[in-house]
Amino acid sequence: MAVVSRLDGKRVLVIGGGGGGIGRAIVRSCADAGATVAVADLDAARAAEAVDELRAAGRVAHALSGDVRSGGQLDGMIVGAAERLGGLDTLVTVVGGQVAFVPAVRLHEMADEDWETVYDVNLRYVARAVRRVLRLFLEQGTGGSIVGIGSVTGFMAAPTQAAYGAAKAGLYSLARTVAAEYAADGIRMNVVAGGAISTAVNAASSDEWVPEIPAGRYGTSEEVAAAAVYLASDEARYITGQQIVLDGGVSVRGPFPG
């Protein structure tokens, strides 16, 4: 679904699960659109596999590995990507979710450590990555784009996923602040807010959620990737601090299925 040459000459880092799932689809689409890509994943083998796939197709790509919850490793991945690609034009932050990390329970039942885990993988690492890449963009003096992968739970009720929704709301607030503070520097930040997207994590519950989706189906990783590519491209150069909602109409009905 990528548009060839939409990202021609762009240098893109996809961090936080770039080797699989939605991240892998974003990596493919960015490369298909003409970008050189750095793929960062906790699983080094998975990142290498994604890069091997791109190189086999004649693309330029580099693999990085590390834990986004570690400030030192996160900074190292960003600096390493810039060194390998000769600079950076776009940062895409991917990893997130709740049910893959902690139980989905009502708010009063949620343990403090589970709340912290959800914030770590949905907001804290993104905020740190954004701060580091902002410094890099300013040093380069050429502007840049940041795309966060968010969720409709950031602006809808999210039964049994309160921590996830609160973190994603914070992600959108972060994007608006970046827009206000750095637009004059040619730096943009936007969010792709997904609804029910087909992934390995939610495959088991897909049938029960479909009736709640006006479009009558789950979204795909490739559709999320297409939106990310658009926001990273110069076609979206006047868009900043915004959310593109990819949910098949779920948010006009609400609440998000628990």
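Readers should treat all values here as calculations from the given coordinates under stated rules, not as data from a laboratory. All of these numbers come straight from a predicted model, not from anything done at the bench. Every residue, glycine as well, gets a Cβ built from its backbone with ideal geometry; the counts of neighbours run over all protein chains shown.
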>> Out of all DSSP beta bridges in the chain, what portion is antiparallel? Express it as a percent rounded to 5.
In response: 0
>> Among 30-37, 171-178, 237-244, how do they line up by average Cβ neighbours within 10 Å per residue, starting with the highest?
In response: 30-37, 171-178, 237-244
> Given 0.36 nm per residue, what is the gain on full extension from Asp75 to Ala127 after removing their alpha carbon distance, in nm?
Replying inline: 17.5 nm
> Using 7 Å Cα-to-Cβ label points, what is the Thr177/His108 separation (nm, one decimal)?
Replying inline: 3.2
>> Counting other beta carbons within 10 Å of each residue's own, what order do Asp120, Asp207, Asp43 fall into, fewest first?
In response: Asp207, Asp43, Asp120
>> Let me check I've understood the local charge: for Val121, count other residues with C-beta under 15 angstrom from its C-beta, Lys and Arg +1, Asp and Glu -1. What total comes out?
In response: -3
> Tilt of helix 221-232 relative to the longest C-alpha principal axis of the chain, in degrees (0 to 90, nearest 10)?
Replying inline: 50
>> To test your reading of the geometry: what angle, between 0 and 90 degrees and rounded to tens, separates the Cα axis of helix 162-182 from the longest principal axis of the chain?
In response: 40
> So, counting K/R as plus one and D/E as minus one, what does the shell of residues with Cβ under 10 Å around Ala35 add up to?
Replying inline: +1
> Can you sort Lys10, Lys168 so the residue with the fewest Cβ neighbours within 10 Å comes first?
Replying inline: Lys10, Lys168
> Give me the Kirkwood hydrodynamic radius of region 92-166 in Å, from all C-alpha pairs, to one decimal place?
Replying inline: 13.6
> Using alpha carbons only, how many degrees (0 to 90, rounded to 10) separate the axis of helix 44-56 from the longest principal axis of the chain?
Replying inline: 60
> Tell me, Leu42, Leu107, Leu64, Leu54 in order of fewest to most beta-carbon neighbours within 10 Å?
Replying inline: Leu107, Leu42, Leu54, Leu64
>> For a quick check, take a GNM of the chain with Cα springs below 10 Å and name the residue from Val99, Val68, Val39 with the largest mean-square fluctuation.
In response: Val99
> Using Cα pairs under 8 angstrom and six or more residues apart, how large is the relative contact order of region 11-247, in percent?
Replying inline: 20
> What does the charge count near Val68 come to, summing +1 for each Lys or Arg and -1 for each Asp or Glu among other residues with Cβ under 10 Å from its Cβ?
Replying inline: 0
> Any idea how far the Cα center of region 164-181 sits from the one of region 32-104, in Å?
Replying inline: 22
>> Need one number: nm distance between label points at Leu138 and Asp185, each 7 Å from Cα along Cα→Cβ, rounded to one decimal.
In response: 0.4
> How high is the FRET efficiency between Glu208 and Glu235 when r is their beta carbon distance and R₀ equals 51 Å, given to the nearest 0.05?
Replying inline: 0.85
